[in-house]
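Participant: I have a structure I would like to understand better, so I am pasting it below and will then ask my questions one at a time.
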Amino acid sequence: VIVGTSASKRLINDSSEILSNLEIRHNLYKRNRTNNFGNFIDYRIEINGRKNYDKWMNFIGFSNTKHLTKIYIWEKQGYCPPKTTYSDRIKILKEK
């Protein structure tokens with residue numbers, strides 16, 4: 001799952017339009033949220049499935065090493081252990 005969240009409805013809608021043009025299927029959500037600071041609305045876009053992941057990586061991809069280490073482990077092992085730190089992931093990648 002690739003997820004993006006923003007308080008900006010326009011940003012999410014513009015992103016949705018780009019994804020549609022690239023034929024990357026996705027879902028949009030409007031969420032009412034509450035935290036210690038009060039109530040607020042945010043907008044979420046989700047991309048699910050291997051086919052859509054492959055399209056994302058082909059057209060857009062990631063450059064943040066935090067996300068790339070998770071992807072490399074997932075490709076190597078078939079999953080990425082949850083709640084690992086960046087250092088944990090580097091150690092896993094250096095094994096074998």
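The values are calculated or read from the model by the stated rules, or taken from the named source; none is laboratory data. It should be emphasised that the depicted structure is a prediction, and the values quoted were computed from it without experimental measurement. Note that each Cβ is placed from the backbone with ideal geometry, even for glycine, and that neighbours are counted across all protein chains shown. Ligands, DNA and RNA are excluded from the accessible area calculation, which covers all protein heavy atoms including side chains. Shrake-Rupley method; radii C 1.70, N 1.55, O 1.52, S 1.80 Å.
Participant: Starting from region 3-20, keep only residues that are at positive phi, then list their pairs with residues that are part of a loop (DSSP other than H, G, I, E, B) and aliphatic (A, V, I, L, M) whose Cβ atoms are within a distance under 6 Å, requiring at least 6 positions of separation or different chains.
Facilitator: Qualifying pairs under 6 Å: none.
So that you can scan it fast, the table gives a plain yes or no per residue for (1) touching an Asp or Glu at 6+ places or on another chain (Cβ under 7 Å); (2) small (Gly, Ala, Ser); (3) not in a helix (DSSP H, G or I):
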residue: 24; (1), (2), (3): no, no, yes
residue: 33; (1), (2), (3): yes, no, yes
residue: 43; (1), (2), (3): no, no, yes
residue: 51; (1), (2), (3): no, no, no
residue: 54; (1), (2), (3): no, no, no
residue: 57; (1), (2), (3): no, no, no
residue: 61; (1), (2), (3): no, yes, yes
residue: 79; (1), (2), (3): no, no, yes
residue: 93; (1), (2), (3): no, no, no
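Participant: Further question: For residue 64, all conditions in the list (1) within 15 Å of the chain's Cα centre (by Cα); (2) closer than 17 Å to residue 1 by Cβ; (3) surrounded by 10 or more Cβ atoms within 10 Å (Cβ to Cβ) hold save one; what is the number of the exception?
Facilitator: (3)
Participant: Same structure, new question: Residues of region 1-17 being open to solvent by 100 Å² or more (accessible area, probe 1.4 Å) and within 20 Å of residue 57 (Cα to Cα), which ones? Please lay out each step first, then the result.
Facilitator: Residues of region 1-17 that are open to solvent by 100 Å² or more (accessible area, probe 1.4 Å), as a first pass: 1, 9-10, 17.
Correct list: 1, 17.
Participant: Of everything in region 43-53, what is at pLDDT 95 or above and open to solvent by 70 Å² or more (accessible area, probe 1.4 Å)? Give them in sequence order.
Facilitator: 51
Participant: Here is a follow-up. If you take the residues of region 24-55 that are touching a Gly at 6+ places or on another chain (Cβ under 9 Å) and basic (Lys, Arg), which of them is nearest to residue 12 (Cα to Cα)?
Facilitator: Filtering first and then ranking leaves 44.
Participant: I need the full set of residues from region 2-49 which are under 25 Å from residue 71 (Cα atoms) and of a type in the set (Lys, Arg), in order please.
Facilitator: 25, 44
Participant: Residue 24: modelled with pLDDT of 95 or more, open to solvent by less than 50 Å² (accessible area, probe 1.4 Å) and touching a Lys or Arg at 6+ places or on another chain (Cβ under 8 Å), yes or no? Explain how you work it out, then say what you get.
Facilitator: Values: modelled with pLDDT of 95 or more: yes; open to solvent by less than 50 Å² (accessible area, probe 1.4 Å): yes; touching a Lys or Arg at 6+ places or on another chain (Cβ under 8 Å): yes.
Taking the combined requirement at face value, the residue satisfies it.
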